[in-house]
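**Q** Take a look at the following structure, please.
Derivation of every value follows stated rules applied to the coordinates shown; laboratory data play no part. For clarity, every value in this text was computed on a predicted model and none was experimentally measured. Note: ideal-geometry Cβ built from the backbone for every residue, glycine included; neighbour counts use all protein chains shown.
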Amino acid sequence: MGGIFAQPPCFRVRRLPSSPSPANGARMTAHKSGDPTTLNRLYGRAKGKPLRAFQQSLVDDLLPQIAVPEEGPVTAERLFGDSRPLHFEIGFGGGEHMATRADMLPDHGFIGCEPFLNGVAAALAHVHGDAQKPGIPNVRIHHGDALDVLARIPDGTLSFVYLLHPDPWPKARHAKRRMMNKGPVDLISAKLKPGGEFRFGTDHPVYLRWALMVMNGREDFEWLCEKPQDFLKRPGGWPETRYEAKARKQGHEVWYFRYRKRSLDVSLCSIRLSGTNQTSATATKKTMPNNGAKKAATIKPAI
């Protein structure tokens, strides 16, 4: 693993034990072609325990009112009636993060996608209003595949994209099921506006290593990392999810990553430079680059 990470000065990846070779000498299937954008199917459970009566009523009554339209472009004007910053969460789990962020930023629009029905019901319970608490009106929910909705969002539209504690699919043969793959990240990059932010969180060391490999070769994102605390401590404006709380209770370390979408001009310039300095770039990957001051000058506080 030593030469594959172009690491900022804040981070050095500890080597992890290699997976044992298959007994019959067969090649691992981790690098077969395909990712969630080409597999065209969802993995994992679609439903858990039977919904309680209240949860079912939210699914029947509230969800149709705030659901993302099944067809056509997905824009702020269509969903919220005006032009506003848009946030997109892939697999929101129980909706704690999405609801808290939406409550923090009432003039922004939030789109959350989740295939697990029980998670959708939990999120609806967070955003609905009643006599005891006001509702959160700036949330729209899609019960299904996030990529279907993401593909219908106009390019350069999103201000934030969140991928928090996704299923790590730790077995090598399941690596193409991971949402952190080239195809989905290409789509995320296309939909983010220049300066927009992609946030990724995980507590799984295999997924951590995989995500760094995926993101480290990209010129269209800047890793907002100056010092170790930037990825070891939850940034401001990043509400805790129940999965994160569960991971910490089990003694797992949690890692937080923020990536800023570069402008097209900056990305093209980086690609040209990398092409003309191939030899020096390869050597640089084996050590930590000395560009901490430059990164520190460009990092902005999390919203």
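**Q** Extension gain Arg173-Asp60, at 0.36 nm per residue separation less the Cα-Cα distance, in nm? Intermediate results must be reported in sequence, preceding the final value.
**A** Values: separation 113, 0.36 × 113 = 40.68 nm, distance 3.80 nm.
Full extension of this stretch gives 36.9 nm more.
**Q** While we're here: Of Lys133/Lys176; Lys193/Lys249; Lys182/Lys246; Lys176/Lys246; Lys133/Lys191; Lys49/Lys182, which pairs sit farther than 31 Å apart, going by alpha carbon to alpha carbon?
**A** Over 31 Å Cα-Cα: Lys133/Lys176; Lys193/Lys249; Lys133/Lys191; Lys49/Lys182.
**Q** Quickly work out the Arg52-to-Gln250 label distance, labels modelled 7 Å from Cα along the C-beta direction, and quote it in nm with one decimal.
**A** 2.5 nm
**Q** Sticking with this structure for a sec: Suppose every Lys and Arg Cβ carries +1 and every Asp and Glu Cβ carries -1, with no other charges. What dipole size does the range 46-180 come out with about its Cα centre, to the nearest 20 debye? Kindly include the intermediate steps, with their values, before the conclusion.
**A** Details: 14 positive and 16 negative charges, 143 e Å.
Rounded to the nearest 20 debye, it is 680 debye.
**Q** Of the GluC sites (Glu not before Pro) in the range 174-256, which ones lie in a loop per DSSP and count no more than 12 other C-beta atoms within 10 Å?
**A** Hits after loop and neighbour filter: Glu253.
**Q** Based only on other Cβ atoms within 10 Å, what is the fewest-to-most ordering of Asp61, Asp230, Asp148, Asp220?
**A** With the fewest neighbours first, Asp61, Asp230, Asp148, Asp220 line up as Asp61, Asp148, Asp230, Asp220.
**Q** While we're here: Quick query: amide H of Phe88 versus all other amide H atoms, modeled in the peptide plane; which residues come in under 5 Å with a sequence gap of 5 or more or a different chain?
**A** Ile111, Phe160, Val161, Tyr162
**Q** Taking the beta-carbon count within 10 Å as an exposure proxy, list Val74, Val214, Val139 from fewest neighbours to most.
**A** Neighbour counts put them in this order, fewest first: Val214, Val74, Val139.
**Q** May I pose another question? Just want the ordering: Thr202, Thr241, Thr157, from fewest to most Cβ atoms lying within 10 Å of their own Cβ.
**A** Working: Thr202 25, Thr241 22, Thr157 18.
Listed from fewest to most nearby Cβ atoms, that is Thr157, Thr241, Thr202.
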